[in-house]
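First the structure, in the form of structure tokens, and then the observations on it.
The values are calculated or read from the model by the stated rules, or taken from the named source; none is laboratory data. Bear in mind that the values here come from a model prediction, so they are computed numbers and not experimental data. Note that each Cβ is placed from the backbone with ideal geometry, even for glycine, and that neighbours are counted across all protein chains shown. All accessible areas refer to the heavy atoms of the entire protein, side chains included, with ligands and DNA or RNA removed. Shrake-Rupley method; radii C 1.70, N 1.55, O 1.52, S 1.80 Å.
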Amino acid sequence: SEIKAYYDAHKALFQTTEKRSLAIILLDPAKVNASVPPPNDGDLKKEYATSQDKFKTPERVQVRHILIKSDATNDAAMKTKAEGILKQVQSGGDFAKIAKDNSQDPGSAAQGGELGFIVKGQTVPEFEKAAFTLQPGQTSGLVKTTYGYHILQVEKHEQARVQPFEEVKGMLFGAYSTRVGATEMQKLADKAVAELHKDPLHPEKAAEAVGVTLIRADNLQVGDPIPEIGVSKEINDAVAPLRKGEVTAGPVVLPGSQTDRKSVV
């Protein structure tokens with residue numbers, strides 16, 4: 001009776017945390033993708049033929065510029081300043097250096113005025129007209145826009161085109177492999193779920209059916225690391241409502257460093 005009284009008064013000392021023992025089938029996309037035959041040129045050319053819209057590039061120009069900002073209060077003075085800078089450029093000055101020293105465009109001045117490639121509709125009309133009229137290597141006069149006075153230098157001018165197969169072959173290969181790998185991952189995950197539901201007391205059979213080794217994790221508390229996986233909130237949440245012998249409703253997606261992994265518990 002004394003022991004019972006002590007126990008009743010100190011139940012907190014004897015409280016244990018809920019523990020679970022899990023059987024886990026882990027599907028690793030890197031291993032699944034490695035088992036998928038790589039596409040050949042015939043596969044990739046079919047992809048290319050049905051998705052050429054993805055590889056259309058519009059007419060575009062690569063341009064750098066110098067901007068001298070102006071408004072109604074200082075337009076005349078800023079125009080005079082811009083004219084002086086234009087003379088430096090026309091006299092053979094280094095456009096990039098002059099832009100760094102003088103341009104008031106915070107987004108491009110530090111890069112020597114470099115804007116990269118632009119397409120039609122991307123800039124204000126006056127700027128666009130000058131950019132698409134100039135030939136590569138040419139420099140504009142002063143171009144007035146709502147921002148102020150610009151001096152443009154066109155570096156490249158590319159006409160609209162469809163990128164050729166050889167140019168996008170690497171991109172097609174990656175997209176094809178990713179898609180086929182994801183489809184195979186889903187097939188294996190669905191098969192694992194079906195096998196586990198069919199015979200939940202023998203999960204090793206389900207693991208064998210999808211070609212992986214079963215992971216067993218015994219007497220886990222919430223927050224304990226799981227072998228080959230580590231601490232996983234996703235798995236903890238998925239198994240929280242389950243009773244002994246029950247299986248997760250579907251695959252549990254585990255965030256990975258490259259591609260998500262899937263587990264069935």
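Key figures
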| item | result |
| --- | --- |
| Accessible area per residue in Å² at 1.4 Å probe, computed on the range 70-163 | 57 |
| Magnitude of the charge dipole, the range 133-265, Cβ model with Lys/Arg +1 and Asp/Glu -1, debye to 20 | 360 |
| Local net charge near ASP53, Cβ-Cβ under 14 Å (Lys/Arg +1, Asp/Glu -1) | +2 |
| Gained length - VAL253 relative to GLU208, 0.36 nm times residue gap less alpha-carbon distance | 14.2 nm |
| Calculated FRET value between ASP224 and MET171, using beta carbons and R₀ = 45 Å, to 0.05 | 0.60 |
| Cα lying deepest toward the dipole's positive end in the chain, options GLY211, MET185, ALA249, charges on Cβ | MET185 |
| Computed [θ] at 222 nm, deg cm²/dmol, the chain (DSSP H ≥ 4; -39,500 (n - 2.57); rounded to nearest 500) | -12500 deg cm²/dmol |
| Difference of contour (0.36 nm per residue) and Cα-Cα distance, GLN122 to ALA5 | 34.0 nm |
| THR133 versus LYS198: modelled label distance in nm, points set 7 Å from Cα along the beta carbon direction | 7.4 |
| Normalised contact order of the range 96-185, rounded percent, pairs of Cα under 8 Å and 6 or more residues apart | 15 |
| Straight-distance crosslink candidates among lysines, where the alpha carbon sits under 30 Å from LYS69 and sequence neighbours closer than 8 are dropped | LYS79, LYS81, LYS87, LYS97, LYS100, LYS120, LYS129, LYS144, LYS156 |
| For the chain, projected area of the alpha-carbon convex hull averaged over all directions, nm² | 27.0 |
| Value of relative contact order over the range 27-144, rounded to a whole percent, pairs C-alpha under 8 Å and six or more apart | 28 |
| Inter-probe distance in nm under a simple model that places probes 7 Å from Cα toward Cβ, at LYS19 and ALA77 | 8.1 |
| Euclidean distance of C-alpha centroids, the range 153-194 and the range 1-50, integer Å | 29 |
| Solvent-accessible area of GLU228 with every protein chain in place, 1.4 Å probe, in Å² to the nearest 10 | 140 |
| The range 1-99, Cα convex hull volume normalised per residue, Å³ | 486 |
| Relative contact order %, the chain, counting alpha carbon pairs below 8 Å whose residues are six or more apart | 28 |
| Two-site label geometry, LYS187 and ASP237: point separation in nm, points 7 Å out along Cα→Cβ | 3.0 |
| Contour excess over end-to-end distance, with Cα ends at VAL36 and ARG216 and 0.36 nm allotted per residue | 62.1 nm |
| Carbon and sulfur %, accessible surface of the chain computed with the full protein complex present, 1.4 Å | 52 |
